[in-house]
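The values are calculated or read from the model by the stated rules, or taken from the named source; none is laboratory data. Every value quoted in this text rests on a predicted model; they were computed, and no experiment measured them. As a convention, Cβ positions derive from the backbone with ideal geometry for all residues, glycine included, and neighbour counts pool all protein chains shown.
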Amino acid sequence: MWVFGLFVQEFLMALVFSGIIYLIWRITSSNGQKW
Amino acid sequence: MSSPIIYAAIYFIIVVFGSCFYFRGKVKNVDDFTTGGKTLKWYMVASGLALIPLGSGHTMNLWEASAGLGAGVLFWPVIVGGIFLPLATLWFGPWLRELNVQTFPESLEMQFGPAMGYLNGAVNTATWTGICMGETLATGGAIYGLTGGAIPFKPWCIIIAFVLIMVYVIFGGVLQYSIVSTVNATVMIVGSYIALIMTGGWLSANAMGWTGVVEHYTALDQAWKLEIFRFSPDLFFQIIIPVAVLHITAAAVTQGVYIPIFAAKSTQEVRKATFLAACINGMSSFPWVLMGLAAMTIPSIAAGGAKLSVINHALQNLPAPIVGLLMVCLLAATLSTGSSVMLGNATVIVNVILKRACFPNMKPETEFKLMRPMIIVCGLAACVPALVAPMIFPIFLWCFSFGIPMFFVWLVGMVWKCSKAAAWITILVTYLINFIWTFATPSWAPGPFALNMYPVTVSAIVLIIVLNAILPGETGLLKRHRAAQASKAA
C-alpha cells in the first residue's frame, strides 16, 4: 500500500508543478492565446 | 545468446526497422527530414518531448542514487517533467516557432548577430556529443548487464548501442523519431510498471512482500529512504539543484530538445502536449527507483552494489520475458536521448555551420543529402571515444555548463534587452570559469561550489543582469519581432 501512496505522491507532484507553470502561463499570456 | 536479448532484438527489429520500411521514400526533402513537414499531433509531440530528457539519468543513475539518498531522488523526474517540459511547451518552444526559425542558434543570431549563432552551433554540438557519449556508454551498459555479460561490453555492446541510436533516426528523421518514440514511451511506461508488479509478486512469494522492504529499512534506522519528502543537503546539492539548473538552462539551448516542437502541426499542438509530456516523464523513474530500493534489501544483490542492483535482481528473480521487457524499456529511455541529440547536432552542423556560415548558397537538395552522413559522423564522434574512455562526472558537468550562460544570455535577449557586448562578456568570462573549475578547481572553493556548474550559474546570472543594466542595447527580441509583425500587418 505504501508503494501506491508513494506513486500517488510523485504523480501528483509532477501534476501540481506543471499545473502551477500552466497557470502562470495562462495568467501572463496576452492576446487571448488559445490552449 | 541469452533469451532476454532475443526478446529485445525482436522488439527493436519490428519497431525500428518497421518504421524505416514505412518511411522509405516518404521523406523527400530536408524539411521532411528535420521538421517532418510540421505535421506532428500533440500526443506525438508529448511522447517525443517526454523521452528526449529521459535517459540513463532517469533510470540507471536514479536507482543507484536511491541506495544512498532514498526515494527523494524521485524529485529528478518531477522537476524535469513538471517544470522543464512545461516551460519548453508553453514559452521557449512557442517563442522559437513565433520567430519562424529552423534551429535554436538562429534565434541567437537574430539577437546578437551571426557570430553568436555560430558559437552556439559549434560549442553546443561539441558538448552534447560529450553528453551523448555518456548515453552511448549507458546504453551499452544496459545491454551488457541484462544479457548477463554474454556480449563483451567493449566493443560489441557499445557498437550495438551506436547502431541502435543511428537506426532510430537515420531513415525517416524526425517523423521516424516521433513514431518510434510514441511506441517506445508507451512500452517503456507499461513495461517498467509490469516489472515493478512482478517484483512485488516475487517479494510476496520469497520475502515478506513490500512490507518486508519497510521492515528492512526500519531495522536499519533508514525508514526515511522510503519517503519522497525527506529533504537533506545531499538531496538538494546532488539531485534537486543540479537537475533543475542543468535541464532548465543547459538543455533549453539545445536543438535536440526542440525537435518535436519544430515538427508540431501548430503551436497549439505544442501547448496541448504539456500535461501528457509531464505525466509520462514524471512517472517514468518510479518503477526503477522502487525496484532499486527493493533489490538492495536482498543481501546477495546488495553485495553486488547499487549500480547493478536492478539488473541483478531482474536476472536472478524475474522471468526471461520480463528481463527482455526491462531491456526494451531501458533501451527506449537511453536510445531516444542519444538519437535526438544526434539528429539535433546533425541539423545544426548542416544548417548553421555548413550552410549559413560556410556555404550560404547551398541548395536544399545538397542540405538533404548531407543530413544522413552527418548523423553518422555525429554518432561516430560520440561512439569512438566511448570505446576507449570512461565518462567522468566532472567532464559530464563541464559539457553541460557551456549551455548555462548561453541560456541566460538568450532569455535576457528574448524578454528584456539585446546588448552584444554584455552577451559576449558573459559568455567568455563564464566559459573561462568553467575551464578553471573543471581542470584546476580552486582549493578555496567551499563545498558544492567546487562543482563547476555552481560558479558558472551564479556568475552568468550576475554578469548578464549587471552588464545589461550598464551597457547600451536594443529592446528584447520578442518585443521587436511582435512590433515588426504588427506594423507589417497594418
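Results, tabulated for the structure shown:
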| item | result |
| --- | --- |
| Of residues in the range B:218-241 being among the charged types (D, E, K, R) and away from chain A (no Cβ under 14 Å), the one surrounded by the most Cβ atoms within 10 Å (Cβ to Cβ) | B:Asp234 |
| Qualifying residue in the range B:49-64 (condition: over 30 Å from B:Gly305 (Cα atoms), touching a residue at least 24 places away in the same chain (Cβ under 8 Å) and surrounded by 19 or more Cβ atoms within 10 Å (Cβ to Cβ)) | yes |
| Candidates B:Ala320, B:Ala244, B:Ala294 - the one that is surrounded by fewer than 24 Cβ atoms within 10 Å (Cβ to Cβ), over 20 Å from A:Met13 (Cα atoms) and out of contact with any Lys or Arg (no Cβ under 8 Å at 6 or more places or on another chain) | B:Ala320 |
| In the range B:14-43, the residues that are crowded, with 18+ Cβ neighbours inside 10 Å and at positive phi | B:Gly36 |
| Subset of the range B:357-412 (residues that are of a type outside the set (Val, Ile, Thr) and outside any helix (DSSP H, G or I)) | B:Phe359, B:Pro360, B:Asn361, B:Met362, B:Lys363, B:Ala389, B:Pro390, B:Met391, B:Phe402 |
| Residues of the range B:43-80 that turn out to be touching a Lys or Arg at 6+ places or on another chain (Cβ under 6 Å) and not small (Gly, Ala, Ser), as a count | 1 |
| Boolean, B:Gly256 is more than 30 Å from B:Gln102 (Cα to Cα) and among the small types (Gly, Ala, Ser) | no |
| Residue match in the range B:156-167 (condition: part of a helix (DSSP H, G or I), closer than 16 Å to B:Leu54 by Cβ and β-branched (Val, Ile, Thr)) | yes |
| Among the residues listed as B:Ile179, B:Ile248, B:Ile197, the single one being assigned to a helix (DSSP H, G or I) and more than 14 Å from every other protein chain (Cβ to nearest Cβ) | B:Ile179 |
| Single unsatisfied condition, B:Glu215 versus (1) in contact (Cβ under 8 Å) with a residue 12 or more places away in the chain; (2) more than 10 Å from every other protein chain (Cβ to nearest Cβ); (3) more than 29 Å from B:Ala450 (Cα to Cα) | (1) |
| Members of the range B:35-75 that are at pLDDT below 90 and charged (D, E, K, R) | B:Lys38 |
| Residue check for B:Phe407: surrounded by fewer than 23 Cβ atoms within 10 Å (Cβ to Cβ), within 26 Å of the chain's Cα centre (by Cα) and aromatic (Phe, Trp, Tyr) | yes |
| Any hit, the range B:200-211, residues being in contact with a helix residue (DSSP H, G or I) (Cβ under 6 Å, 6 or more places away or on another chain) and buried (at least 23 other Cβ atoms within 10 Å of the Cβ) | no |
| Selection within the range B:54-98 - assigned to a helix (DSSP H, G or I), over 18 Å from B:Ala264 (Cβ atoms) and more than 13 Å from every other protein chain (Cβ to nearest Cβ) | B:Gly57, B:Thr59, B:Met60, B:Asn61, B:Trp63, B:Glu64, B:Ala65, B:Ala67, B:Gly68, B:Leu69 |
| Of all residues in the range B:272-284 being closer than 14 Å to B:Gly48 by Cβ and surrounded by fewer than 22 Cβ atoms within 10 Å (Cβ to Cβ), the one that is nearest to the other protein chains (Cβ to nearest Cβ) | B:Lys272 |
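Yes or no, residue by residue, for (1) within 13 Å of chain A (Cβ to nearest Cβ); (2) touching a residue at least 60 places away in the same chain (Cβ under 8 Å); (3) in contact with a Cys (Cβ under 9 Å, 6 or more places away or on another chain); (4) not hydroxyl-bearing (Ser, Thr, Tyr):
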{"site": "B:Val270", "(1), (2), (3), (4)": "yes, yes, no, yes"}
{"site": "B:Phe286", "(1), (2), (3), (4)": "yes, yes, no, yes"}
{"site": "B:Pro299", "(1), (2), (3), (4)": "no, no, no, yes"}
{"site": "B:Leu308", "(1), (2), (3), (4)": "no, yes, no, yes"}
{"site": "B:Ala314", "(1), (2), (3), (4)": "no, yes, no, yes"}
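Rundown of residues vs (1) in contact with a strand residue (DSSP E or B) (Cβ under 8 Å, 6 or more places away or on another chain); (2) closer than 23 Å to B:Ser284 by Cβ; (3) of a type outside the set (Phe, Trp, Tyr), yes/no style:
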{"position": "B:Ile158", "(1), (2), (3)": "no, no, yes"}
{"position": "B:Thr186", "(1), (2), (3)": "no, yes, yes"}
{"position": "B:Val213", "(1), (2), (3)": "no, yes, yes"}
{"position": "B:Tyr217", "(1), (2), (3)": "no, no, no"}
{"position": "B:Ile228", "(1), (2), (3)": "no, yes, yes"}
{"position": "B:Phe262", "(1), (2), (3)": "no, no, no"}
